Number of protein chains: 2
Amino acid sequence: MIHVYTQIEQGHRWLQRYRGRPSVFACLLGFTATGLIPGISAAGATPEDRQYTAIADAEFLYKGPQPQPQYPLPPLQAGASPVLISRAVVEALGIPVYLFNAGLPQPPTVPVIDLEGAPAQCLSGGNALPLATVKHLWEQGLIWGQKLAASIPDGYLILGECVVGGTTTALAILTGLGVPAAGKVNSSHPSCNHAQKWAVVEAGLKAFRSRGDEEHPFQDPLHLVAAIGDPMQIAVAGMAIAASRTCGVMLAGGTQMLAVYALMQALGRQYSLSWEPDQVVVGTTRWVAEDPTGDTVGLAETISPVPLLGTGLSFAPSRYPQLRAYEQGYVKEGMGAGGCAIAAHLTQGWHQEQLLQAIEMLIERC
Amino acid sequence: MIHVYTQIEQGHRWLQRYRGRPSVFACLLGFTATGLIPGISAAGATPEDRQYTAIADAEFLYKGPQPQPQYPLPPLQAGASPVLISRAVVEALGIPVYLFNAGLPQPPTVPVIDLEGAPAQCLSGGNALPLATVKHLWEQGLIWGQKLAASIPDGYLILGECVVGGTTTALAILTGLGVPAAGKVNSSHPSCNHAQKWAVVEAGLKAFRSRGDEEHPFQDPLHLVAAIGDPMQIAVAGMAIAASRTCGVMLAGGTQMLAVYALMQALGRQYSLSWEPDQVVVGTTRWVAEDPTGDTVGLAETISPVPLLGTGLSFAPSRYPQLRAYEQGYVKEGMGAGGCAIAAHLTQGWHQEQLLQAIEMLIERC
């Protein structure tokens, strides 16, 4: 039920170590105006809608189905929000949830820890975030990673995200770090919009580099994030580095978390930080790992040595068309869905049937 | 007759400074087994032929047309070797020529300065050159750059290259340095084989990174060249950095010299080297700069602030089909051809007619 796609031995050791162990789920909400580019993301039908996707997802993760949500989940024709998976798991397993606001354009409607970041500008300008904001988020990430880890000394921390347009900022960070990621990332579309993403990334890196080296040394990962990243990436990188020193860490996501992992490697080298790669895995869904229009496994192998885990969860047998849409390539991942599903297998021994049933029961209550 | 495509003001200042000034031409010969991949390059019809392209070009540059060359130029149906342009210029203008062997599989047939490098293995293995060889070539480049510059205190040094498969090693170095170069480079083909090049680059960077960080820190440009570069790149980077301190430098080539420029930037930062970017331009041909199947100008803008110059030389009015083939996109550049043509405009005031006539007279003698 849990597939190990890369770094097989290391991945199995990690699973062995944390089988039956407790977890906590920290989900970081962020925003980049990159997500407003027409067609860049399917996580919300219009650019206007996509400003509220993270807030609606956070509300649902925290409160579950409500008769009158302040921000309802986006309409479900093209596939339900992946937060259904995350919510079903944390509700059934009683996993503690911490929501973090790393930088949203609107205040969330549920209690969150405010990291006092900021939403990013479109990465194509090469000037996404103030450097001071990036440094602040990085420090906050390190502080909170240590705190969260202290709460589960014998377990693991699941780190999820919601950043609409975040696979494009991921491609930008990977490219800026020298990882050949073009054509390999995923998207919320059934067929990945590689050319559109690449054009945005090219424009951003060009704008960044054309400002010259001295003020903006583009080998410094913090400057790179400030130029073309988003607020979630740097905060999660800090949390994962700090937490890895004392507990397990599952970066719950696909392309975006592979970019965070590459960022952790680069930050570790740049600032000679100690962290424990053996404690860290990336956990995602089958729909991401096996997306024929991207190459997540190839990307993970390039970023090596990162173990990429995937839940075997299938929606093919579901009676709900908004779940079956995942099998046609819609949505795929988000809000730590893949990681939460893996936690259900790992901690509770849940298989396909139990997991699907929990998710379908949640939909029924909507 | 000389077009400045990027960094317009800086480019014109450079041209103003060196108009009517003397130049010397150093041409570096190198080899990478990447050039043997079927279809990767058109500089030689078969992989077997491409092992001798640099040697044949060097022989022609040094000796001009001979009744019985040891290594004849490749057959000319798909466009004549660009060394015809270089030879026509250095012969007519009496430009001193220095040939350097940075790493060839066979000994050249004409006098060359042996830098005691080595041919590179195919970059797809991520293990192209021994690190000691890269360091040696880098040091030799710095030494020779200073020597050559001392020979023309009031002029400029033209640095050309012949490396079959070199646009693919260029793409690899650019990508590894975090420059979004995919889809932007050129080739000796009329329509650039981007997908083939990218697959090779991905494989090389993946192999390099999978060996882990500590022995092979992939933010160190010397390690990057050792993994996925070729022997010409690092030697030319050293020469250009050292020479820029006391004379003008024209990197004569397209994609390959843009990669060398990016390498110079990275080496300068990594080792806190002093060099004079104001003294350095990249000079190439119209066929490269305006190739609709690549994006050399966009690439130069990304690597900013590098002035990209191009000769306006056209072969459209030529009576030789092997020259007119350039106008259909064959060959384009090599052996410093574009830079030598620019030198003819700059030093001697030559226009299209004189340059074309000199080249055609050389063909007649073949």
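Taken together, the values in this text are just the output of simple stated rules run on the coordinates, not laboratory data. Just so you know, these numbers come straight off a predicted model, no measurement behind them. Cβ atoms come from the backbone with ideal geometry, glycine included; neighbour counts cover every protein chain shown.
Could you sort A:296-305, A:111-120 so that the peptide with the highest average Cβ count within 10 Å comes first and the rest follow in order?
The packing order, highest mean first, is A:296-305, A:111-120.
Specify whether the C-alpha gyration tensor of chain B places it in the rounded, prolate or oblate class, a ≥ b ≥ c being the square roots of the eigenvalues: rounded for a/c under 1.5, otherwise prolate if a/b is larger than b/c and oblate if not. All intermediate terms of the calculation are to be shown ahead of the outcome.
Details: a/c = 1.43, a/b = 1.21, b/c = 1.18.
Verdict is rounded for chain B.
Hey, got the average number of other protein chain Cβ atoms within 10 angstrom for residues in A:260-268?
Details: counts 0, 0, 1, 0, 0, 4, 3, 0, 1.
For peptide A:260-268, the averaged partner shielding equals 1.
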Query raised in the report: Taking the Cα centre of each part, how many Å lie between the range B:1-42 and the range B:110-182?
Result: 14
Requested in this report: Just the ratio, please: alpha-carbon radius of gyration of the range B:305-366 over 2.2 N^0.38 Å, N its number of residues.
Outcome: 1.15
Report task. Give the long-range amide H neighbours of B:ASP114: residues separated by 5 or more places, or on another chain, with amide H under 5 Å away, using H modelled in the peptide plane at 1.01 Å from N. Result -> B:ASN101
Requested in this report: Scan around A:CYS122 for amide H atoms under 5 Å from its own, H built in the peptide plane at 1.01 Å from N, and keep only partners 5 or more places away or cross-chain.
Outcome: A:ALA33, A:THR34
**Report entry** 7 Å along Cα→Cβ, label-point gaps from A:ARG245 to other copies, nm, shortest first
**Finding:** 4.2
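Within 10 Å of each Cβ in peptide B:203-210, how many partner chain Cβ atoms are there on average? Round it to a whole number, please.
Numbers: counts 3, 1, 5, 8, 3, 3, 10, 7.
Counting other chains' Cβ atoms within 10 Å and averaging over B:203-210 gives 5.
Counting pairs of alpha carbon atoms under 8 Å apart in space and at least six apart in sequence, what relative contact order in percent does the range A:2-360 give?
Details: 843 pairs, mean separation 97.1, N = 359.
This gives 27 percent for the range A:2-360.
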Query raised in the report: Inter-copy label distances at A:ILE143, 7 Å along the Cα→beta-carbon direction, one decimal in nm, shortest first?
Result: 5.5
Query raised in the report: Which one of A:PRO277, A:PRO96, A:PRO65 has the biggest mean-square fluctuation once chain A is modelled by GNM with Cα springs under 10 Å?
Result: A:PRO96
Query raised in the report: Tell me, what ³J(HN,Hα) does each residue in the range A:155-170 have, in order and in whole Hz, if you take phi through Karplus 6.51 cos²θ - 1.76 cosθ + 1.60 with θ = phi - 60° and put x for Gly and Pro?
Result: x, 9, 9, 9, 10, x, 8, 9, 9, 5, x, x, 6, 7, 5, 5
Query raised in the report: How large is ³J(HN,Hα), in whole Hz, for each residue of the range A:192-201 in order, when computed from phi with the Karplus curve 6.51 cos²θ - 1.76 cosθ + 1.60 and θ = phi - 60°, using x for Gly and Pro?
Result: 4, 7, 4, 5, 5, 4, 5, 4, 5, 5
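What is the magnitude of the charge dipole of the protein assembly as shown about its Cα centre, with +1 placed on the Cβ of each Lys and Arg, -1 on the Cβ of each Asp and Glu, and no other charges, expressed in debye to the nearest 20?
The dipole of the protein assembly as shown has a size of about 40 debye.
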Requested in this report: Work from the charge dipole of the range B:2-365 (Cβ charges, +1 for Lys and Arg, -1 for Asp and Glu, about the Cα centre) and give the residue of B:CYS192, B:PRO108, B:LEU299 farthest towards its positive end.
Outcome: B:LEU299
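What's the ranking of B:330-337, A:167-174 by average number of surrounding C-beta atoms within 10 Å, highest first? Working shown, then result.
Working: B:330-337: 28.5, A:167-174: 31.1.
Going by the mean number of other Cβ atoms within 10 Å, highest first, we get A:167-174, B:330-337.
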Report task. Among A:ALA243, A:SER272, A:TYR320, pick out the residue whose Cα is farthest towards the positive end of the charge dipole of the range A:207-366, where Lys and Arg carry +1 and Asp and Glu carry -1 on C-beta, about the Cα centre. Result -> A:TYR320
Requested in this report: Just subtract the alpha-carbon distance of B:ARG319 and B:THR109 from 0.36 nm times their residue separation and send over the number in nm, one decimal.
Outcome: 72.5 nm
**Report entry** Calculated from backbone phi, Karplus (6.51, -1.76, 1.60) coupling profile of the range B:3-18 in Hz, x at Gly/Pro
**Finding:** 9, 9, 8, 9, 6, 3, 5, 4, x, 5, 4, 4, 4, 4, 5, 10
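Counting only DSSP beta bridges with both residues in the range A:2-360, what percent are antiparallel, rounded to the nearest 5? Could the numbers behind the result be given before it?
Values: 3 of 31 bridges.
Percentage antiparallel, nearest 5: 10.
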Query raised in the report: How would you rank A:222-231, B:82-91, highest first, on the average number of other Cβ atoms within 10 Å across their residues?
Result: A:222-231, B:82-91
Query raised in the report: Which percent, nearest 5, of DSSP beta bridges in the protein assembly as shown are antiparallel?
Result: 10
Query raised in the report: How much space per residue, in cubic angstrom, does the convex hull of the C-alpha atoms of the protein assembly as shown take up?
Result: 139
Report summary line: Too long for a 26 Å Cα-Cα cut-off, among A:LYS135/A:LYS184; A:LYS206/A:LYS332; A:LYS197/B:LYS135; B:LYS63/B:LYS332; A:LYS197/B:LYS206; A:LYS63/A:LYS184, are A:LYS135/A:LYS184; A:LYS206/A:LYS332; A:LYS197/B:LYS135; A:LYS63/A:LYS184
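Multiply the residue separation of B:THR46 and B:HIS12 by 0.36 nm, subtract the distance between their alpha-carbon atoms, and state the gained length in nm to one decimal.
Details: separation 34, 0.36 × 34 = 12.24 nm, distance 4.11 nm.
Gain in length upon complete extension: 8.1 nm.
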Query - Inter-chain Cβ neighbour average for residues B:170-182, partner chain, 10 Å - result: 5
